[in-house]
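Presented below is the structure to which this report refers.
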Amino acid sequence: LASYNRLDYLKEAVESALAQDDRYLFEVLVVDDGSDAETRSWLDWKASQTPLLRVVHQAHAGVAAARHNGLLAVRSEWVCILDSDDRLLPGALEVLAKALGTRPDVDLFYADVLEMSHDGKPAGRVRYPLFRDNDKMIRSVFVRPRVPFKHSGTTFRTATGLALGGYDVDLPFKIDVDLVLKFLSAGRRLHHID
């Protein structure tokens with residue numbers, strides 16, 4: 001999680017990750033991008049309550065720097081990105097782990113999402129498209145220009161992400177587009193989880 005304030009949402013995001021079955025959870029890493037004192041204090045307190053949560057604090061440098069520093073700090077083979085205003089559904093990491101186990105040829109997984117209304121009720125499932133090959137997805141990215149799936153929940157091999165350059169800290173936005181294009185143009189395999 002890259003985090004900058006939004007404490008109420010951040011609490012829900014962190015709790016949803018910590019609530020996953022710990023057989024599939026190595027750690028929850030939050031890179032705090034110079035949040036206010038209340039947010040930093042809650043993160044430090046929460047990390048003191050569970051060894052599964054690790055917090056890295058940095059001066060405010062933006063989401064690209066926070067995500068890249070998080071990628072550098074990851075201690076596991078795989079990283080699952082979670083935005084600080086999103087939540088993992090119960091059992092999400094178990095579904096991901098099963099996909100990882102059956103598709104060792106894949107470097108990046110993306111999944112459908114369930115949108116929530118402001119009152120916390122499900123607003124509908126978003127089904128993302130399947131692409132026959134990387135070129136078709138590249139064309140889709142350039143036409144929009146955006147990633148044809150939600151970056152939050154994207155799971156990829158840490159070493160591959162780093163080898164491809166990770167997140168570009170000089171980009172003010174569209175860092176997800178840049179990262180996914182790096183995977184696609186390098187011929188890395190992406191796989192949709194329904």
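The values are calculated or read from the model by the stated rules, or taken from the named source; none is laboratory data. Quantities reported herein were computed from a predicted structural model and do not represent experimental measurements. Glycine gets a Cβ as well: all are built from the backbone with ideal geometry, and neighbour counts include every protein chain shown. Areas reflect the complete protein model, heavy atoms only, side chains present, ligands, DNA and RNA absent. Shrake-Rupley method; radii C 1.70, N 1.55, O 1.52, S 1.80 Å.
Listed by first and then second residue, the pairs with beta-carbon distance under 6 Å, at least 6 apart or on different chains, first residue in region 27-53 and hydroxyl-bearing (Ser, Thr, Tyr), second part of a loop (DSSP other than H, G, I, E, B) and modelled with pLDDT of 95 or more, are SER35/TYR4; SER35/ASN5; THR39/ASN5. Would region 164-178 turn up any residue that is closer than 12 Å to LEU108 by Cα and aromatic (Phe, Trp, Tyr)? The answer is no; no qualifying residue exists. Within region 132-160, being open to solvent by less than 60 Å² (accessible area, probe 1.4 Å), farther than 30 Å from ASP8 by Cβ and not hydroxyl-bearing (Ser, Thr, Tyr) holds for ASN134, MET137, ILE138, VAL141, ARG157.
Selection within region 3-48: residues that are hydroxyl-bearing (Ser, Thr, Tyr) and in contact with a Leu (Cβ under 8 Å, 6 or more places away or on another chain). The member of this set that is surrounded by the most Cβ atoms within 10 Å (Cβ to Cβ) is SER3. State which residue is most open to solvent (accessible area, probe 1.4 Å) when the search covers only region 84-107 and only residues that are touching a helix residue (DSSP H, G or I) at 6+ places or on another chain (Cβ under 7 Å) and under 15 Å from GLY153 (Cβ atoms). Across region 84-107, the extreme among qualifying residues is ARG87. Screening LEU82 on (1) under 14 Å from SER3 (Cβ atoms); (2) of a type outside the set (S, T, N, Q); (3) touching a residue at least 24 places away in the same chain (Cβ under 8 Å); (4) touching a His at 6+ places or on another chain (Cβ under 7 Å) shows it passes everything except condition (4).
If I ask for residues that are in contact with a helix residue (DSSP H, G or I) (Cβ under 9 Å, 6 or more places away or on another chain) and either assigned to a helix (DSSP H, G or I) or surrounded by 13 or more Cβ atoms within 10 Å (Cβ to Cβ) (or both), which ones from region 166-175 would you list?
So the first thing to find is which residues in region 166-175 are in contact with a helix residue (DSSP H, G or I) (Cβ under 9 Å, 6 or more places away or on another chain), and the list is 166-173, 175.
Selection gives GLY166, TYR167, ASP168, VAL169, LEU171, ILE175.
For region 54-65, the criterion of a residue being open to solvent by 60 Å² or more (accessible area, probe 1.4 Å) and under 17 Å from SER152 (Cβ atoms) is satisfied by at least one position.
Only residues that are open to solvent by 60 Å² or more (accessible area, probe 1.4 Å) and not in a loop (DSSP other than H, G, I, E, B): list them for region 120-131, please. If the condition is that a residue be open to solvent by 60 Å² or more (accessible area, probe 1.4 Å) and not in a loop (DSSP other than H, G, I, E, B), then PRO122, ALA123, ARG125 are the ones that fit.
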